[in-house]
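The values are calculated or read from the model by the stated rules, or taken from the named source; none is laboratory data. Remember, it's a predicted structure, so these values are computed and weren't measured experimentally. Here Cβ is always computed from backbone atoms with ideal geometry, including for glycine, and neighbour counts include all displayed protein chains. Surface areas here come from the heavy atoms of the whole protein model, side chains and all, with no ligands, DNA or RNA. Shrake-Rupley method; radii C 1.70, N 1.55, O 1.52, S 1.80 Å.
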Protein chains: 2
Amino acid sequence: LFTIALLLLVSGHSARAQQKNPYENTTRPLIERGLKDLSAYALLSELSEGIGPRLSGSEGAAKAVVWAKAKMEALGFQNVRLLPCKVPHWVRGEGENGGYIVDGREQSLSLCALGGSVPTPSEGITADVIEVHSLAEAEKLGERGKGKIVFFNRPMDPTKVNTGEAYGGAVEQRFGGASAAAKSGAVAVLVRSMTLAIDDAPHTGSMGYADRVPKIPAAAISTLAAEHLSALLKAGQTVKVRLKLTCQSLPDADSASVIGEIVGSEKPNEVIVMGGHLDSWDLGRGANDDGTGCVHAMEALSLIQRLGWKPKRTLRVVLFMNEENGGRGAMSYAEEAKKSSQKHIAAIESDDGGFAPMGFGVTATPDQWRRIRRWAKALTPINADRLTEGGGGADIGPLAPLGAALFGLAPTDQRYFDYHHSRHDTIDKVNPRELELGAIALAILSWRLSEEGLPGKSETMQKQ
Amino acid sequence: LFTIALLLLVSGHSARAQQKNPYENTTRPLIERGLKDLSAYALLSELSEGIGPRLSGSEGAAKAVVWAKAKMEALGFQNVRLLPCKVPHWVRGEGENGGYIVDGREQSLSLCALGGSVPTPSEGITADVIEVHSLAEAEKLGERGKGKIVFFNRPMDPTKVNTGEAYGGAVEQRFGGASAAAKSGAVAVLVRSMTLAIDDAPHTGSMGYADRVPKIPAAAISTLAAEHLSALLKAGQTVKVRLKLTCQSLPDADSASVIGEIVGSEKPNEVIVMGGHLDSWDLGRGANDDGTGCVHAMEALSLIQRLGWKPKRTLRVVLFMNEENGGRGAMSYAEEAKKSSQKHIAAIESDDGGFAPMGFGVTATPDQWRRIRRWAKALTPINADRLTEGGGGADIGPLAPLGAALFGLAPTDQRYFDYHHSRHDTIDKVNPRELELGAIALAILSWRLSEEGLPGKSETMQKQ
């Protein structure tokens, strides 16, 4: 009985069949070395814990640039350099706060300015609140919106399995709510935080102002506050909100993206880019957004380096500056790429967190897809072989017109927006092995790209 | 520019193509209702937070049985009942502790008794420590093991992607270490905790004693303590350990598994079982092991019920008692099933945590596999279509000889052993949406089984 129990215990958790994989020799070493070293987590710790928040133009962002360059040099990458860009320089300031007032009594409201918002006057703004659920509804308020604080409260749709899709279906309120409400004469907007979690942390994020419309202050409130405010309004209460925002936009600042590579041994002028963004919002510590993407790419290249492998095509890590509120790093990189004699055959972005990878979203031609689909088998041993149509990311999108196939790492995404852009975006939410598996996924894919290239414009160029 | 930025922001996260799914009508409602209600988490909160730890024979286990029966009745399940079983009744006692002694100074050692261990004398055991890495090494110590505390320190293999496989490769030390060391005259064993995390929480778990070998006390120490102890020994230090365990085995106790079902409308005698185990180890609160499995099954059946669907075959939830240290619930259920005129066509177990589901491990005949493979498409919308060869679980394994196809839910598994059997197994590690997706996976699979059945012995019986 003792022996049987022992056998059952041992076999129960290890029954999955091992099958021979055609890419065994080029995937297994990456997996074993990665999971043994877990170096991605050590890198993330330096970036997210050591440096912390790094909004474009901030001291943290400047430190991150210095760190990334030094780290890439220490890792032995080639041609390590900065690619300068001018970035928007928005600062939150000190002492933003607010409250809601019912029957003359004020209670605290958990809020934060949205990135890019104008401040309130120093005495704040106090006004009646009116709840809406779309930009169109805000624009149609007309007289009823005049002098009001408009409260956008359409939640992310919880019935979407893909949380990114739920985010995409709600985020217009955050980005465009202020100008929509201003058209009806509103004096400020509150926006329900972009998260599926119900808690008391406000989530910031970018917003913009349309031309020829007054710029009014915009803040996110926590989902718990949104639920509470909405319940009061539904109960027929007159609710005033007092809002004080201390943020301001300073002149554009000097910053840079950080680049390092291993030059291809056979086709150095065919480039595969992989990266994430180095900047982050200010409320958390930019762990999952997007410290994990940065270290995914750094560790992927470093893994290949540590194994002593020589890529045939150039593998380049780009840590983009200013994804969150401007995309200036992406633009300056794409401009440089356009002028370059090198050919960008593919770009891989990781900007959806450091959770266990499921696969990649892929934007490619049918010819390219035929080759890429074969590579799924290389990703099967880490359960990351789910290749879906459409993908890329904000930082690599501008490389599509240059003929690059685009890949966006797709980690399990249920927890991502719980942390995104809030004080919860800290390293304790990241599991070292899940993070490393993401880096291994990038290493496997980029290695296949470097070995085999992709059909399309790149092969035409080759023949010239 | 404002409009373009808005469009980019909205589309960037929602680009994945939607494709028509042949199972759309029977999966989409489960997904939408599940993700809207998130009821699995509410159930888990009652079980894990409300009741807490529930080791077989404990007051918590008895409360869990009462709770589960009442809850199934409240959910409207049919034929809700208890299936009695006698369970081992091991108790930890109060005040277990230990320390390691170098140069006469003692420092605290983070440890816990392994489940089933005998106690130490009340004054404890103090002896020199010797480190080994396998059962064979312990058995071969001979004279060198005499009077020693043998320390098993072979880590789970971090290079395995599948953490269950890593567990399976190390857990013999926990289960069989005491008897292996006792053969060489050891007086007690310490076992490195079965986790890939390096931290200070000891992880308990079952152990057993071989016949005709002295029964010596067995404790797990945290991985941090194991690393430290090993470093001291490698440095040539003589290290003594003092160990006091207060545990004891009481006479077997009365307990029960809890069963509820929806009777099949067309083939009530064909049964599909789904479940997890109601008992848990005592150190945490049995959240991921296996509160999540229990509520996966309860919520799956409740979802089908809430949608008003009538399964053709009987869908039965079984919450097994005593998986952790005896399997008595599984045995009594299999015995009953063997005698029953009903036919168990399939059994689904969830005992690998409440993380985002990737798919199922499947043990089935080639004929059955052909049908099951088609159903992967029904699981694609929740990214849970990874069907791998081999699977089931300790509680449903005994149903295989009755002809049941076995399914084991396979969630992402990187975090599971970080919490497993330790004080970390609490509900804050569970994401409500990931948990619900597991329940939806069970609902989708069990619905397909109830609609289509499986080829094999079940169809032969039908013809009779």
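Accessible area of segment B:150-221 with a 1.4 Å probe: how many percent of it is carbon plus sulfur? Reported share for carbon and sulfur atoms: 49 percent. Distance to the B-onto-A rotation axis is smallest for one chain B Cβ; residue and value in angstrom are B:412, 3. Distant-in-sequence amide contacts of residue B:56, defined by a placed amide H-H separation under 5 Å and a gap of 5 or more residues or a different chain, comprise B:280.
The Cα atoms of segment A:70-165 cover 64, 40, 26 Å along the three principal axes, with the biggest extent listed first. Taking every residue in B:356-369 and counting other chain Cβ atoms within 10 Å of its Cβ, the average works out to 1. Inter-copy label distances for residue A:59: 5.4 nm (label point placed 7 Å from Cα along Cα→Cβ; shortest first). From the residues B:124, B:236, B:326, which one has its Cα farthest along the dipole of chain B in the positive direction, the dipole being from +1 and -1 charges on Cβ of Lys/Arg and Asp/Glu about the Cα centre? The one lying farthest along the dipole's positive direction is B:326. Here is how far apart the residue B:227 label points are across copies: 3.9 nm, shortest first, using a point 7 Å from Cα toward Cβ.
Summing charges over neighbours of residue A:236, with a neighbour being any other residue whose Cβ is under 14 Å away from its Cβ, gives -2 when K and R count +1 and D and E count -1. In sequence order, segment A:381-395 has phi-based couplings of x, 10, 6, 10, 9, 7, 9, 10, 6, x, x, x, x, 5, 7 Hz under the Karplus curve 6.51 cos²θ - 1.76 cosθ + 1.60, θ = phi - 60°, and Gly or Pro positions carry x. Take each residue in A:165-175, count the other chain C-beta atoms within 10 Å of its C-beta, and the mean is 4. For segment A:88-95, the Karplus equation 6.51 cos²θ - 1.76 cosθ + 1.60, evaluated at θ = phi - 60°, returns couplings of x, 10, 9, 10, 6, x, 10, x Hz by residue, with Gly and Pro reported as x. Loop exposure criterion: trypsin sites (Lys or Arg not before Pro), DSSP state outside H, G, I, E and B, at most 14 other Cβ atoms within 10 Å. Applied to chain A, the longest stretch between such sites is A:216-464. Within the shell defined by Cβ-Cβ distances under 14 Å, the residues around residue A:214 carry a net charge of +3, with Lys and Arg each +1 and Asp and Glu each -1. Summed over both chains, the accessible area lost when A and B associate is about 5200 Å², using a 1.4 Å probe.
With its label point defined 7 Å out from Cα along the Cα-to-Cβ axis, residue A:373 lies at 1.7 nm from the matching points of the other copies, in increasing order. In the context of the full set of protein chains, residues of chain B present 37 Å² of accessible surface per residue (probe radius 1.4 Å, heavy atoms only).
In chain A, the calculated helix contribution to ellipticity at 222 nm averages -10000 deg cm²/dmol per residue, counting -39,500 (n - 2.57) for every DSSP H run with n ≥ 4. P(r) tail for segment B:132-274, what percent of Cα pairs lie past 18 Å? The answer is 63 percent, as a whole percent. Look at the alpha carbon pairs under 8 Å that are at least 6 residues apart: their mean separation over the length of segment B:74-163 gives a relative contact order of 18 percent.
Database remark: amide H of residue B:359 closer than 5 angstrom to the amide H of B:386, B:410 (H placed geometrically; neighbours at sequence offset of 5 or more, or on other chains; Pro and chain starts carry no H). For the protein assembly as shown, the alpha carbon convex hull comes to 185 Å³ per residue, rounded to a whole number.
Ranked from largest to smallest solvent-accessible area, with a 1.4 Å probe on the protein heavy atoms, A:340, A:56, B:265 come out as B:265, A:340, A:56. Taking amide H atoms as placed 1.01 Å from N in the peptide plane, list the residues 5 or more away in sequence, or in a different chain, whose amide H sits under 5 Å from that of residue B:132. HN-HN under 5 Å from residue B:132: B:151, B:152, B:153. Candidate cross-link partners of residue A:63 among the lysines, defined by an alpha-carbon separation under 22 Å and a same-chain spacing of 8 or more, comprise A:71, A:86.
So the label point goes 7 Å from the Cα of residue A:252 along Cα→C-beta, right? Which residues of segment A:103-128 then have their backbone N under 19 Å from it? Those under the cut-off are A:116-117. Of the complete DSSP H runs in chain A, those spanning 18 angstrom or more by Cα along the long axis with a mean Kyte-Doolittle score not below -1.0 are A:59-74, A:292-306, A:432-452. Its Cα gyration tensor gives segment B:357-464 an equivalent ellipsoid. The semi-axes, each the square root of 5 times an eigenvalue, are 29, 16, 11 Å from largest down. Taking a sphere under 14 Å around the Cβ of residue A:378 and counting the other residues whose Cβ falls inside, with K and R at +1 and D and E at -1, yields a net charge of +4.
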